[in-house]
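Okay, structure first, notes after.
A short reminder: the numbers here are calculations on the coordinates, not readings from a lab. This is a predicted model, so every value here is computed, not measured. Positions of Cβ are backbone-derived with ideal geometry, glycine not excepted, and every protein chain shown enters the neighbour counts.
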Amino acid sequence: MAYKYKVVFFGIINIEMSESMQINNLIKKRGSIRNFNDQVISDVHIKLILEAGMKAPSACNMRPYHFYVIQNKEILNQLGDFHPYTKMLKQANVAIVVCMVTNLNNNLAKGYQVQDCSATTQNILLQASDLNIGTCWCGVFPREELVDKLKAILNIQEDYIQPMNIIALGYTDSWVESKGFYEESKVTFIK
Ligand SMILES: Cc1cc2nc3c(=O)[nH]c(=O)nc-3n(C[C@H](O)[C@H](O)[C@H](O)COP(=O)(O)O)c2cc1C
């Protein structure tokens, strides 16, 4: 006699995630972190963070970015040295270099790469903050000398790959929140 078994697995996804925060609390929580401890960021979390970046809006959905994920201590040290304001990268556990892809074959999307990559960057910062991973956005583009030095460090040969920023990531013992605040004078309401 033949029996048919239908086996249903109720999988428990064992990803160490923080409780999802209200978005306004998360926005407040994200501040620039410049002191990191030695705790290692897991590959699962790195992937979640990159995935958040790739869910950002982009002009014509061209997704004109490429990410270099730096986990090599020697290169992290070089990244901390080549730029006047990136010393925190020497302590960071990971750096994500957000690069713009400039050779788009879509005339409508051309020129929007800075905006696309900025949206991506902000998603990365927020996702990391939700995971209690500190971040610091370090600007590179449009400073040509910094772009050139960074391309040399990472051995980026393609002229259509342009580093825009470096995001330092790591756990910290001294979390700081966003310094931002609401300022009425920066707003014009047109009703
Ligand atoms: C385009 C851009 C470039 C930045 N570059 C650096 C940098 O090179 N080094 C650094 O320590 N912080 C850098 N920051 C972080 C700012 O200093 C920081 O966001 C600002 O002071 C507000 O503080 P908060 O992020 O803690 O709210 C940069 C931020 C942006 C958006």
Residues that are of a type in the set (D, E, K, R) and more than 24 Å from ASP173 (Cα to Cα): list the helices (runs of 4 or more DSSP H) wholly contained in region 60-160 that include at least 3 such residues.
144-154
Within region 99-110, identify whether any single residue is more than 26 Å from LEU48 (Cα to Cα) and either among the β-branched types (Val, Ile, Thr) or in contact with a Phe, Trp or Tyr (Cβ under 8 Å, 6 or more places away or on another chain) (or both), and answer yes or no.
yes
Among the numbered conditions (1) within 19 Å of GLY31 (Cα to Cα); (2) surrounded by 14 or more Cβ atoms within 10 Å (Cβ to Cβ); (3) small (Gly, Ala, Ser), tell me where ALA109 comes up short.
(1)
Of the listed residues (ASP38, ASP81, ASP43), the one being more than 15 Å from the ligand (Cβ to nearest atom) and over 17 Å from the mean Cα position of the chain (by Cα) is ASP38
Considering region 153-174 alone, what residues qualify as being among the β-branched types (Val, Ile, Thr) and under 13 Å from the mean Cα position of the chain (by Cα)?
ILE166, ILE167
LYS90 fails exactly one of (1) within 19 Å of LEU154 (Cα to Cα); (2) charged (D, E, K, R); (3) touching a strand residue (DSSP E or B) at 6+ places or on another chain (Cβ under 7 Å), namely (3)
Of the conditions (1) touching a residue at least 12 places away in the same chain (Cβ under 8 Å); (2) assigned to a loop (DSSP other than H, G, I, E, B), PHE181 fails just one. Which one is it?
(1)
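Which members of region 161-171 meet the condition of being part of a loop (DSSP other than H, G, I, E, B) and either of a type in the set (D, E, K, R) or crowded, with 19+ Cβ neighbours inside 10 Å (or both)?
Kept after step one, since they are part of a loop (DSSP other than H, G, I, E, B), are these residues of region 161-171: 171.
Result: no residue meets the conditions.
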Report, by residue number, each residue of region 125-155 that is away from the ligand (no atom under 16 Å from the Cβ), farther than 30 Å from MET21 by Cα and buried (at least 19 other Cβ atoms within 10 Å of the Cβ).
LYS151
Just to be sure I understand the filter: pairs with C-beta atoms under 6 Å, separated by 6 or more residues or on different chains, first member in region 51-72 and within 22 Å of LYS151 (Cα to Cα), second member of a type in the set (D, E, K, R). Which pairs pass?
PRO64/ASP116
Looking only at region 18-67, which residues are hydroxyl-bearing (Ser, Thr, Tyr) and surrounded by fewer than 18 Cβ atoms within 10 Å (Cβ to Cβ)?
SER18, SER20, SER32, SER42
What are the residues in region 157-178 that are in contact (Cβ under 8 Å) with a residue 60 or more places away in the chain and closer than 21 Å to THR120 by Cβ, if any?
ILE161, GLN162, PRO163, MET164, ASN165, ILE166, ILE167, ALA168, LEU169, GLY170, SER178
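Would you pick out the residues in region 68-80 that are surrounded by 14 or more Cβ atoms within 10 Å (Cβ to Cβ) and farther than 26 Å from GLN115 by Cβ? Write out each step before concluding.
Residues of region 68-80 surrounded by 14 or more Cβ atoms within 10 Å (Cβ to Cβ): 68-71, 75-76, 78-80.
Across region 68-80, the qualifying residues are GLN71, ILE75, LEU76, GLN78, GLY80.
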